[in-house]
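Participant: Please find one structure pasted underneath; my questions will follow.
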Amino acid sequence: MENNNKPSRKTWDLMIGIALILFGSLRLYNRLQTESEWGIRSILTILFIGYGGYLVYRYIQNSPKD
């Protein structure tokens, strides 16, 4: 039963990772355009972008080989 859920979870991880990277990058860009200094929010946004990158990297590493 657990094996049937595995591909679906991988796909969700990929979509979440891409969304975190895209939305986090957009938010970081907008924040840096309005504020000139780095705050805790900017650092937190970078951490979310990094986690999204990790999810995408993990999906690519674990993708089935054809």
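Participant: Can you give the extra length, in nm with one decimal, that the chain gains between LEU44 and ARG9 once fully stretched, where that is 0.36 nm per residue apart less the Cα-Cα distance?
Facilitator: Computed gain between LEU44 and ARG9 is 10.1 nm.
Participant: Follow-up question, since we're still on this one. For the pair GLN33 and TYR57, what calculated FRET efficiency results from E = 1/(1 + (r/R0)^6), where r is the Cβ-Cβ distance and R0 = 22 Å, to the nearest 0.05? Don't jump to the answer; show the numbers that get you there.
Facilitator: Numbers: r = 28 Å, r/R0 = 1.28.
So the FRET efficiency works out to roughly 0.20.
Every read-out reported here was derived from the displayed coordinates using simple, explicitly stated rules and does not represent laboratory data. Every value quoted in this text rests on a predicted model; they were computed, and no experiment measured them. No Cβ is skipped: glycine too gets one built from the backbone with ideal geometry, and neighbour counts run over all protein chains shown.
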